[in-house]
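Take a look at the structure set out below.
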Amino acid sequence: MTEASLEQFLAELAHQRRASPHTLIAYRRDLERLATAVDGRPLETLNAQEIRRQAMRLHAEGLAPRSIARTLSAWRAYYRWLMRRGAIAANPCLGLKAPKRPRLLPKALGPEQAQALLDAQVGEDLLACRDRAMFELFYSSGLRLAELAALDVVGGLDLAAGEVTVTGKRGKTRSVPVGKKAIEALSAWLEQRARLAAADEPALFVSRRGTRLSARAIELRLEQWAKRSGLGVHVHPHMLRHSFASHVLQSSGDLRAVQEMLGHASIATTQIYTHLDFQHLAKVYDAAHPRAHRK
């Protein structure tokens, strides 16, 4: 692998596939690791047996299945790119499979917990008004943390229509409904927002200094809110997204609609919430069915 081919590959990922900076950094690291493992030989010269040997080396080094899967994904993407350019005659990554990894269910709040969190009285000041609007919108619409942080006053939020439009992964735009409670909280915040934000500040949610609230700051505010609410559960932003998905699925059973609202490219990603739904049903069964009780 020459430095030039690596830069060209990463540039194409960034511009054509709109890969995130995090993905680009990871791919660069994984390909440089492969080059180091083969003593700097051009990656274009490696055959399938050598690639498999290096994959086995990842296992031997004790890398976690998730890390191995990501590394192999980078290798496969690079060799597919070389094939398209005619730089190699055969793809040495064909048939290369990542190790199976345990499927971890995302943690979600129960409906009662979500209600208790959002109904908690943790203050009536300006920042509490802002935070309530943020967290109501999080749970109401199942947004990603980065999507919430990037929202502007103009162009994203339409309270009259009851929807919010965001740009998610790979630049894909979607519109999601906003519930009544979230609309009320957002309306209250918009009435107060000018007390913090400068006239030319586009961000919907701003800090004490009047600038856009960072994703990390939102995460910390939610953690503090959960503690002050007395919920007794560590709550992070993605948990509200998981809760939104599982609760909508439990109520509607419409997996495709949940996929669209979450902005998942594949319905396979959304299907994880069917397992959460099954867990809920299993608990109901165990509690209610007369043949389910253990003696």
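The values are calculated or read from the model by the stated rules, or taken from the named source; none is laboratory data. If you're wondering where the values come from, they're calculated on a predicted model, not measured in any experiment. Here Cβ is always computed from backbone atoms with ideal geometry, including for glycine, and neighbour counts include all displayed protein chains.
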Pair list, Cβ under 8 Å, 6 or more apart: segment 223-244 residue farther than 10 Å from ALA120 by Cα and in the same structural domain as LEU148 (by TED's automatic domain parsing), other residue surrounded by 14 or more Cβ atoms within 10 Å (Cβ to Cβ) and of a type in the set (Val, Ile, Thr): GLU223/VAL235; PRO237/ILE218
Residue among SER175, SER214, SER187 that is of a type outside the set (Phe, Trp, Tyr) and in contact with a helix residue (DSSP H, G or I) (Cβ under 8 Å, 6 or more places away or on another chain): SER214
Selection within segment 95-143 - outside any helix (DSSP H, G or I), charged (D, E, K, R) and modelled with pLDDT of 85 or more: ASP125
Pair list, Cβ under 8 Å, 6 or more apart: segment 17-38 residue within 26 Å of ALA146 (Cβ to Cβ), other residue basic (Lys, Arg) and modelled with pLDDT of 85 or more: ALA26/ARG70; ASP30/ARG70
Filter result (outside any loop (DSSP other than H, G, I, E, B) and either crowded, with 20+ Cβ neighbours inside 10 Å or not assigned by TED's automatic domain parsing to the domain that holds ALA150 (or both)) within segment 190-205: ARG193
Residue list for segment 35-87, filter: over 22 Å from THR23 (Cβ atoms), of a type in the set (S, T, N, Q) and either in a helix (DSSP H, G or I) or not assigned by TED's automatic domain parsing to the domain that holds HIS22 (or both): THR45, GLN49
For ALA90: the one exception among (1) part of a helix (DSSP H, G or I); (2) exposed (fewer than 12 other Cβ atoms within 10 Å of the Cβ): (1)
Whichever residue in segment 37-77 is more than 22 Å from PHE9 (Cβ to Cβ) and of a type in the set (A, V, I, L, M, F, W, C) and, among such residues, is surrounded by the most Cβ atoms within 10 Å (Cβ to Cβ): LEU63
Unique residue being of a type outside the set (Ser, Thr, Tyr), closer than 18 Å to HIS236 by Cα and more than 20 Å from the chain's Cα centre (by Cα) when the list is ASP200, ASP131: ASP131
Counted residues, segment 206-223 - those being part of a helix (DSSP H, G or I), within 15 Å of ARG144 (Cβ to Cβ) and not β-branched (Val, Ile, Thr): 4
Test: residue in segment 6-28 that is on the phi > 0 side of the Ramachandran plot and either assigned to a helix (DSSP H, G or I) or out of contact with any helix residue (DSSP H, G or I) (no Cβ under 6 Å at 6 or more places or on another chain) (or both): no
Residue within segment 165-174 that is surrounded by 14 or more Cβ atoms within 10 Å (Cβ to Cβ), more than 16 Å from TYR139 (Cα to Cα), of a type in the set (Val, Ile, Thr) and within 22 Å of the chain's Cα centre (by Cα) present: yes
Filter result for ALA226 (in a loop (DSSP other than H, G, I, E, B) and either of a type outside the set (S, T, N, Q) or over 17 Å from VAL153 (Cβ atoms) (or both)): no
When residues of segment 149-164 are limited to those that are modelled with pLDDT of 90 or more and outside any loop (DSSP other than H, G, I, E, B), the one surrounded by the most Cβ atoms within 10 Å (Cβ to Cβ): ALA149
Verdict on LEU34 being under 27 Å from GLY168 (Cβ atoms) and out of contact with any Asp or Glu (no Cβ under 6 Å at 6 or more places or on another chain): no
